[in-house]
Amino acid sequence: MSKTKPMPLFEVFVRSRRGLDHIHVGSLHAHDAEQALEYARDSYIRRGEGASLWVVESKHITASQESDAASFYDPMDDKPYRHATYYTLPDAVDNM
Amino acid sequence: MQNTHTDFETQFERKIDAEEKIEPKDWMPEAYRKNLVRQISQHAHSEVIGMQPEGNWLTRAPSLKRKCILLAKIQDEGGHGLYLYSAAETLGVTREELVEALHEGRAKYASIFNYPAVTWADIGAIGWLVDGAAIVNQISLQRTSYGPYARAMVRICKEESFHQRQGYEIMVKLAEGNAAQKAMAQDAMERWWWPSLMMFGPHDAESAHSAQSMLWKIKRQSNDNLRQKFVDQTVPQAEAIGLTIPDKDLKWNEARGHYDFGDIDWDEFNRVVSGNGPCNRQRLQHHVKAHEDGAWVRDAMSAYAARQQPNA
């Protein structure tokens, strides 16, 4: 087996049409970002699935931990007044 | 509060019960992880090894159109391998380890690819029957409990229906042709039918990993159920183009609402699985050779990348 250094991992994001968000579609190995972009083109948009591609080396993504939910997300749940449905409208006004 | 091992296990089981997906960073039992690595890598190897019997016909396709189609299909198979290797890698194994396991015979791939594609009709039969059987299995796996595997399956199923239709169309054309062409189609049907049924694996009672995989929702339907589904959908397709399925026990069963069919030759199944099918050695040797022949490309790319980053 070759002694070549394993290629770093890249995450691939595709925007299916202008006006939409880029969405994560998968990952692949490449030596650099430029090559990752070419591989992503060959692998993920063979049928016109995308108008724009992003690649980013996986190690540059910092992820939240679901297991930390209690301390990380919970403070958001005790502010119901952030939601429109928190406020009652007079009967005469049925939509706002 | 400190999570105990049991808490993790309870949370894992709650997610499985609630049809929530398990994601890469979640705690999971070691046996669940191992089972997934085995199944997903075997699936990935199958996609890649599956390129070989079809590649055999690339330079001999009967027209430029057929050649372009076959090339596009084989490219898809390589892509499917990539999606699946990536899903397996989220479980903490490297691509190099997976390929090494294949080369050393520790990992398997679908036995069907150990059969040779000896005529052009075989390319039709592979697309129609082999990819058809794979789709039945893969549709069910879109609901598998491991998130990255399920997402790879969704992507693959979208592309796979092109494969099945192009194969069936080859069979349609041959079946409409002259006597020799019809005979070629029938011959391919006869050689690929039983190996296609074997793709679903042993009977449920004898399947080594089935019971635990069903409990963990890695597998969503049993081998025998999926096999029945494939037979039921394929019989009318064969009848429509005048091909005869090589099974004298094949008969519609009104009471069951399914076709009855004969039993697989399990001796042949075991022989091919254990490495003694028509092309087992050839397939593996070719993969090793292709990998080794490509080493200079990987070395060159690695050297180029190193030169681009002098400070790294």
Q) Hey, does segment B:82-96 have a residue that's acidic (Asp, Glu), more than 29 Å from residue B:165 (Cα to Cα) and surrounded by 16 or more Cβ atoms within 10 Å (Cβ to Cβ)? A) yes
Apart from one, (1) touching a strand residue (DSSP E or B) at 6+ places or on another chain (Cβ under 6 Å); (2) open to solvent by less than 20 Å² (accessible area, probe 1.4 Å) all hold for residue B:201; the odd one out is (1)
### Task
State yes or no: is residue A:51 under 24 Å from residue B:92 (Cβ atoms), in contact (Cβ under 8 Å) with a residue 24 or more places away in the chain and more than 10 Å from chain B (Cβ to nearest Cβ)?
no
From the option list A:5, A:59, single residue qualifying as over 21 Å from residue B:84 (Cβ atoms), open to solvent by 80 Å² or more (accessible area, probe 1.4 Å) and either without any contact (Cβ under 8 Å) to a residue 12 or more places away in the chain or within 8 Å of chain B (Cβ to nearest Cβ) (or both) is A:5
Residue under question is residue B:74, and the condition is that it be more than 30 Å from residue B:215 (Cα to Cα), part of a helix (DSSP H, G or I) and open to solvent by less than 30 Å² (accessible area, probe 1.4 Å); does it hold?
yes
Review point. What do you reckon, is residue B:13 at negative phi and free of Cβ contacts under 8 Å to residues at least 12 places away in the same chain?
Key: yes
Practice prompt. Tell me, please, whether a residue that is at pLDDT 95 or above, of a type outside the set (Val, Ile, Thr), closer than 17 Å to residue B:282 by Cα and open to solvent by 30 Å² or more (accessible area, probe 1.4 Å) can be found in segment B:129-138.
Written response: no
Quick count over segment B:77-92, residues being assigned to a loop (DSSP other than H, G, I, E, B) and under 19 Å from residue B:153 (Cβ atoms), is 2
Here the residues within segment A:11-54 that are under 15 Å from residue B:86 (Cα atoms) and within 13 Å of the chain's Cα centre (by Cα) are A:11, A:12, A:13, A:24, A:25, A:26, A:27
Apart from one, (1) in contact with a Ser or Thr (Cβ under 6 Å, 6 or more places away or on another chain); (2) open to solvent by 30 Å² or more (accessible area, probe 1.4 Å) all hold for residue B:33; the odd one out is (1)
Picked from segment B:65-110 (must be among the hydroxyl-bearing types (Ser, Thr, Tyr) and touching a helix residue (DSSP H, G or I) at 6+ places or on another chain (Cβ under 8 Å)), the residue farthest from the other protein chains (Cβ to nearest Cβ) is B:109
If we ask which residues in segment B:1-59 are under 20 Å from residue B:289 (Cβ atoms) and either in a loop (DSSP other than H, G, I, E, B) or of a type in the set (A, V, I, L, M) (or both), their number turns out to be 8
The condition from (1) open to solvent by 40 Å² or more (accessible area, probe 1.4 Å); (2) out of contact with any strand residue (DSSP E or B) (no Cβ under 7 Å at 6 or more places or on another chain); (3) farther than 30 Å from residue B:169 by Cα that residue B:65 misses is numbered (3)
(message) Checking the structure you have, find out if any residue of segment B:125-140 is within 14 Å of chain A (Cβ to nearest Cβ) and in contact with an Asp or Glu (Cβ under 8 Å, 6 or more places away or on another chain).
(response) no
Exactly one of B:121, B:117 is farther than 20 Å from residue A:40 by Cβ, over 14 Å from the mean Cα position of the chain (by Cα) and part of a helix (DSSP H, G or I), and that residue is B:121
Just one listed residue, out of B:170, B:218, B:156, is within 14 Å of another protein chain (Cβ to nearest Cβ) and either buried (at least 22 other Cβ atoms within 10 Å of the Cβ) or without any contact (Cβ under 8 Å) to a residue 24 or more places away in the chain (or both), and it is B:156
Of those in segment B:257-312 that are within 29 Å of residue A:5 (Cα to Cα) and among the hydroxyl-bearing types (Ser, Thr, Tyr), the residue nearest to the other protein chains (Cβ to nearest Cβ) is B:302
| said: For the structure I just gave you, tell me whether residue B:186 is surrounded by fewer than 17 Cβ atoms within 10 Å (Cβ to Cβ) and either modelled with pLDDT under 95 or over 22 Å from the mean Cα position of the chain (by Cα) (or both). | reply: no
Selection from segment B:263-278 of residues of a type in the set (Asp, Glu) and outside any helix (DSSP H, G or I) yields B:263, B:265
Checked pairs for segment A:28-39, first closer than 9 Å to residue A:55 by Cβ and crowded, with 20+ Cβ neighbours inside 10 Å, second modelled with pLDDT of 95 or more and of a type in the set (Val, Ile, Thr), C-beta under 7 Å and 6 or more apart or across chains, list as A:28/A:12; A:36/A:55
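The values are calculated or read from the model by the stated rules, or taken from the named source; none is laboratory data. These figures come from a predicted structure and were not determined experimentally. Here Cβ is always computed from backbone atoms with ideal geometry, including for glycine, and neighbour counts include all displayed protein chains. Keep in mind that these areas ignore ligands, DNA and RNA; they rest on the heavy atoms of the full protein, side chains included. Shrake-Rupley method; radii C 1.70, N 1.55, O 1.52, S 1.80 Å.
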